1. Take the residues in the range 4-50 that are of a type in the set (A, V, I, L, M) and modelled with pLDDT of 95 or more, then tell me which one is nearest to Ala81 (Cα to Cα).
2. Do the conditions hold for Ala53, that is, is it at pLDDT 95 or above, assigned to a helix (DSSP H, G or I), of a type in the set (A, V, I, L, M, F, W, C) and open to solvent by 30 Å² or more (accessible area, probe 1.4 Å)?
3. Would you pick out the residues in the range 7-57 that are acidic (Asp, Glu) and farther than 20 Å from Trp72 by Cα?
4. Need the failing condition index for Asn80 against (1) at pLDDT below 95; (2) part of a helix (DSSP H, G or I); (3) in contact with a helix residue (DSSP H, G or I) (Cβ under 9 Å, 6 or more places away or on another chain), just the number.
5. Let me spell it out: the conditions are (1) in a helix (DSSP H, G or I); (2) loosely packed, with under 12 Cβ neighbours inside 10 Å; (3) not hydroxyl-bearing (Ser, Thr, Tyr), and Leu12 meets all of them except one. Which number is the exception?
6. State which residue pairs qualify: first residue of a type in the set (A, V, I, L, M, F, W, C) and inside the range 78-100, second residue buried (at least 16 other Cβ atoms within 10 Å of the Cβ) and not in a helix (DSSP H, G or I) in any location, beta carbons under 8 Å apart, and separation of 6 or more residues or different chains.
7. Mind listing just one residue for me: the one in the range 32-49 that is open to solvent by 100 Å² or more (accessible area, probe 1.4 Å) and over 13 Å from the mean Cα position of the chain (by Cα) and, of those, farthest from Ala110 (Cα to Cα)?
8. Kindly indicate whether Thr65 is part of a helix (DSSP H, G or I), more than 25 Å from Pro10 (Cα to Cα) and either in contact (Cβ under 8 Å) with a residue 60 or more places away in the chain or open to solvent by 40 Å² or more (accessible area, probe 1.4 Å) (or both).
Amino acid sequence: MQQLDIVMTPELMQLRRLVMGEAGRFPELGRKIYEGGPGRSIAKLARALERYAKQGELSIRDATTAASFFNWIVMGGPTNAAMMLGDKVIPSKKELRQHAVESVRIFIAAYGKFRR
């Protein structure tokens, strides 16, 4: 939820649009932004997921892949909509929380120890 709150601000959405538009001309800029944003978040999530897997709470073969899936389940919809449709479609805090809760449910359905 914290990550959604950070990313889903008009200022960061504007920066992301700018960087994406200029990534072809300035690939190093895009790489740096990715490494400091999604890349760092995915690495941090992977470490946490590895701990949960070692504790037997998750069934994960590759923590980095699982972390990437989780990151984009949470971030993909709201971020993509705001990137394409503008800041006016940034969800409210309540809507972001609901989205995050549903994202966790989906992830646990796929990776939870007692999944069906």
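1. Ile42
2. Considered against the rule, which asks whether it is at pLDDT 95 or above, assigned to a helix (DSSP H, G or I), of a type in the set (A, V, I, L, M, F, W, C) and open to solvent by 30 Å² or more (accessible area, probe 1.4 Å), Ala53 comes out as yes.
3. Result: Glu11, Glu22, Glu28, Glu57.
4. If we test Asn80 against (1) at pLDDT below 95; (2) part of a helix (DSSP H, G or I); (3) in contact with a helix residue (DSSP H, G or I) (Cβ under 9 Å, 6 or more places away or on another chain), just (3) comes out false.
5. Of everything listed in (1) in a helix (DSSP H, G or I); (2) loosely packed, with under 12 Cβ neighbours inside 10 Å; (3) not hydroxyl-bearing (Ser, Thr, Tyr), Leu12 misses just condition (2).
6. Here the result reads Ala82/Met8; Ala82/Ile90; Ile90/Met8; Leu96/Met8, each pair linking the range 78-100 to a residue that is buried (at least 16 other Cβ atoms within 10 Å of the Cβ) and not in a helix (DSSP H, G or I).
7. Lys32
8. Judged against the criteria, Thr65 is a match.
The values are calculated or read from the model by the stated rules, or taken from the named source; none is laboratory data. Owing to the predicted nature of the structure, the values given are computational and were not obtained by experimental measurement. Backbone-built Cβ (ideal geometry, glycine too); neighbour counts: all protein chains shown. Just the protein is used for accessible areas: all its heavy atoms, side chains included, with ligands, DNA and RNA removed. Shrake-Rupley method; radii C 1.70, N 1.55, O 1.52, S 1.80 Å.
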